[in-house]
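Novice: The structure that follows is given in the form of structure tokens.
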Amino acid sequence: MTEPIIFAIPKGRILDEALPLMQAAGIEPEAAFFDDASRALLFATNNPAISIIRVRAFDVATFVAHGAAQIGIVGSDVIDEFDYSELYAPVDLGIGRCRISVAMPQGVPDDVNGGHIRVATKYPGTTSRYYHARGIQAECVKLNGAMELAPSLGLSGRIVDLVSSGKTLAENGLVETAVISQVSARLIVNRAAYKMMSGTIPAMVERFRELTGARAAA
């Protein structure tokens with residue numbers, strides 16, 4: 001009997017691009033998955049051995065790292081933030097592209113006062129490491145949204161956040177001053193599951209790798 005597989009996928013920006021890729025790999029969610037009125041988080045698929053959970057992007061990494069899910073899709077921003085040793089990220093899916101950037105109010109000089117700054121971000125780990133490498137102590141104010149309000153309301157002098165077009169920053173009087181990293185969605189796997197479920201998980205990884213190669217060549 002095939003061992004059950006839980007596939008974790010993120011709500012939000014990556015989902016719309018991930019679904020066609022999953023379907024191309026032969027994983028199609030049940031109809032209830034597409035019901036906007038449904039509050040369910042666990043769904044069956046066309047494969048009886050594979051179920052899908054739909055959770056927040058940051059939680060995808062946690063579910064997979066701790067083995068509650070065996071495989072998932074999440075942005076490299078989340079992988080870098082948590083840096084879980086239990087995660088294996090074998091395939092860059094080439095979707096969900098954006099960047100993590102530093103942004104400040106337009107016209108304000110990018111000064112570092114005595115080597116200490118305050119930054120509003122939902123990436124305190126990434127932010128701290130970035131500034132530590134530059135000899136700067138970053139006091140991170142953890143926010144989960146509305147990051148762009150922080151400078152204008154005096155919560156912080158700058159923010160670190162995901163940026164795609166930059167339109168939201170501009171509409172809130174902010175400009176990018178540095179790009180910390182380029183971001184794209186990755187296929188992630190629990191390392192123990194990859195070894196123990198050698199009859200299924202490696203084949204799924206290879207299928208996504210083939211699809212990504214085909215997309216890149218198209």
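The values are calculated or read from the model by the stated rules, or taken from the named source; none is laboratory data. Keep in mind that this is a model prediction, so the values were computed, not measured. Here Cβ is always computed from backbone atoms with ideal geometry, including for glycine, and neighbour counts include all displayed protein chains.
Novice: If you go through the range 158-168 one residue at a time, how many are modelled with pLDDT of 95 or more and over 19 Å from the mean Cα position of the chain (by Cα)?
Specialist: So the count comes out to 1.
Novice: Moving to a separate point now. Kindly indicate whether Thr212 is in contact (Cβ under 8 Å) with a residue 60 or more places away in the chain and either farther than 30 Å from Gly72 by Cβ or part of a loop (DSSP other than H, G, I, E, B) (or both).
Specialist: The answer is no for Thr212.
Novice: A further question follows. Within the group Val189, Val163, which residue is aliphatic (A, V, I, L, M) and not assigned by TED's automatic domain parsing to the domain that holds Gly213?
Specialist: Val163
Novice: With the structure loaded, tell me whether Glu86 is touching a strand residue (DSSP E or B) at 6+ places or on another chain (Cβ under 9 Å) and in contact (Cβ under 8 Å) with a residue 40 or more places away in the chain or whether it fails that test.
Specialist: yes
Novice: Let me ask you something else. Within the range 120-127, is there a residue that is in the same structural domain as Ala170 (by TED's automatic domain parsing), more than 28 Å from Phe63 (Cβ to Cβ) and at pLDDT 95 or above?
Specialist: There is no residue in the range 120-127 that is in the same structural domain as Ala170 (by TED's automatic domain parsing), more than 28 Å from Phe63 (Cβ to Cβ) and at pLDDT 95 or above.
Novice: To continue, here is another question. Within the range 161-174, track down each residue that is surrounded by 15 or more Cβ atoms within 10 Å (Cβ to Cβ) and polar (S, T, N, Q).
Specialist: Selection gives Thr168, Asn172.
Residue by residue, here is whether (1) surrounded by 15 or more Cβ atoms within 10 Å (Cβ to Cβ); (2) β-branched (Val, Ile, Thr); (3) free of Cβ contacts under 8 Å to residues at least 60 places away in the same chain holds:
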residue: Glu3; (1), (2), (3): no, no, no
residue: Ile14; (1), (2), (3): yes, yes, no
residue: Ala18; (1), (2), (3): yes, no, no
residue: Thr45; (1), (2), (3): yes, yes, yes
residue: Pro48; (1), (2), (3): no, no, yes
residue: Arg54; (1), (2), (3): yes, no, yes
residue: Val60; (1), (2), (3): yes, yes, no
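Novice: Give me the strands (runs of 3 or more DSSP E) completely within the range 33-99, filtered to those with at least 2 residues that are outside the structural domain of Cys140 (by TED's automatic domain parsing), under 20 Å from the mean Cα position of the chain (by Cα) and modelled with pLDDT of 95 or more, ordered by residue number.
Specialist: Where strands (runs of 3 or more DSSP E) fall fully within the range 33-99 and carry at least 2 residues being outside the structural domain of Cys140 (by TED's automatic domain parsing), under 20 Å from the mean Cα position of the chain (by Cα) and modelled with pLDDT of 95 or more, they are 50-55, 71-75, 87-92.
Novice: If you don't mind, another one. Residue check, Ala103 against (1) outside the structural domain of Glu176 (by TED's automatic domain parsing); (2) buried (at least 20 other Cβ atoms within 10 Å of the Cβ); (3) not in a helix (DSSP H, G or I); (4) not basic (Lys, Arg), all met but one. Which one?
Specialist: For Ala103, the exception is condition (1).
Novice: Then there is this: Tally up the residues in the range 175-199 that are part of a loop (DSSP other than H, G, I, E, B) and surrounded by fewer than 18 Cβ atoms within 10 Å (Cβ to Cβ), please.
Specialist: 3
Novice: Out of the residues in the range 129-157 that are assigned to a loop (DSSP other than H, G, I, E, B) and polar (S, T, N, Q), which is modelled with the highest pLDDT?
Specialist: Taking the range 129-157 as the starting set, the residues that turn out to be assigned to a loop (DSSP other than H, G, I, E, B) are 133-136, 143-148, 153-157.
In the following step, the residues that additionally are polar (S, T, N, Q) were identified as 144, 156.
Working: Asn144: 91, Ser156: 95.
Ranking the candidates gives Ser156 first.
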